[in-house]
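One structure is given below, encoded as structure tokens.
The values are calculated or read from the model by the stated rules, or taken from the named source; none is laboratory data. It should be emphasised that the depicted structure is a prediction, and the values quoted were computed from it without experimental measurement. Methodologically, a virtual Cβ is constructed for each residue, glycine included, from the backbone with ideal geometry; neighbour enumeration extends over all protein chains shown. Just the protein is used for accessible areas: all its heavy atoms, side chains included, with ligands, DNA and RNA removed. Shrake-Rupley method; radii C 1.70, N 1.55, O 1.52, S 1.80 Å.
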Amino acid sequence: MPVLPGAEPYRHDGGPTGVLLCHGFTGTPQSMRPWAEDLAARGHTVSLPLLPGHGTRWEDLQLTGWQDWYAEVDRALGELLSRCERVYVAGLSMGGALALRLAARHGDAVRGVVVVNPANKVHGLSAYALPAARHLVRTTKGLVSDIALEGSEEVGYHRVPLHAAHSLRNFFRLVDAELPQVTQPLLLLRSPRDHVVPPADSARVLGRVSSRDVTEILLRNSFHVATLDHDAPRVFEESAAFLARTGADGADTRPEGEAVSG
């Protein structure tokens, strides 16, 4: 199937610092492209893959599961590790969960983690209904374009296939159990007015990781897709500063447990 316009993967070969960006569930690299281009402009090597089943039509996502999505970002991470001196992982929404699992499983090979509105759980009655409902109903309403900035649109699916949503639910459970294995410096940026992922998900991530160097920043002017919203420039600046601060020797330079909000 042809890829939706703007949904193409992105790659830039730059300097010795590599950054892997992971997009969200039913989304595409388009939601992360400005961030990727900003990192590239700062001289970094950047990889932003298109996850299997995404960027074409929702029927393709119906045929995939979390193993396929994780395998793609794991492959991309391996490529970065083979050519870069230090590598970071970053993600939006489900992409944040993918990034956290990469950090948990690859340990010191990953220098640090940046997540924006990370998803950690499928909430509400739908979570309990999914195992049975996916055999009766093919799709539900989509999640794309939760953006406050007028005129900014996210490329993605307007329907959510329930088989894929059920796999996502299982993936979140897996990642949640692995969060204590995340020890790297962590930058978490979240939107208090997120209509897709509740604040409890970020709180859960912050409460379960074992990282000593943790920074939380509030994106008060944005909704869920903050990388395309009013606070996108702040996401870019804060992540660039995080890379600069932690990239020299990997040592924590902030007192243990300190967090920053704003």
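Points worth noting:
- Total residues in the stretch 170-202, condition surrounded by fewer than 21 Cβ atoms within 10 Å (Cβ to Cβ) and touching a Pro at 6+ places or on another chain (Cβ under 9 Å): 2
- Tally, over the stretch 211-223, of residues that are within 23 Å of residue 27 (Cα to Cα) and open to solvent by 10 Å² or more (accessible area, probe 1.4 Å): 4
- Selection of strands (runs of 3 or more DSSP E) fully inside the stretch 1-100 by the criterion of at least 3 residues being basic (Lys, Arg) and surrounded by fewer than 21 Cβ atoms within 10 Å (Cβ to Cβ) returns nothing.
- Residues that are in a loop (DSSP other than H, G, I, E, B) and either surrounded by fewer than 24 Cβ atoms within 10 Å (Cβ to Cβ) or in contact with a strand residue (DSSP E or B) (Cβ under 6 Å, 6 or more places away or on another chain) (or both) within the stretch 157-169 comprise just one, 158.
- Qualifying positions in the stretch 229-241 - part of a helix (DSSP H, G or I) and open to solvent by less than 20 Å² (accessible area, probe 1.4 Å): 232, 235, 239, 240
- Long-range neighbours under 7 Å by Cβ, at least six apart or interchain, first residue within 20 Å of residue 72 (Cα to Cα) within the stretch 29-41, second open to solvent by 50 Å² or more (accessible area, probe 1.4 Å): 29/8; 29/9
- Some residue of the stretch 40-47 being modelled with pLDDT of 95 or more, of a type in the set (Gly, Ala, Ser) and in contact with a Lys or Arg (Cβ under 8 Å, 6 or more places away or on another chain): yes
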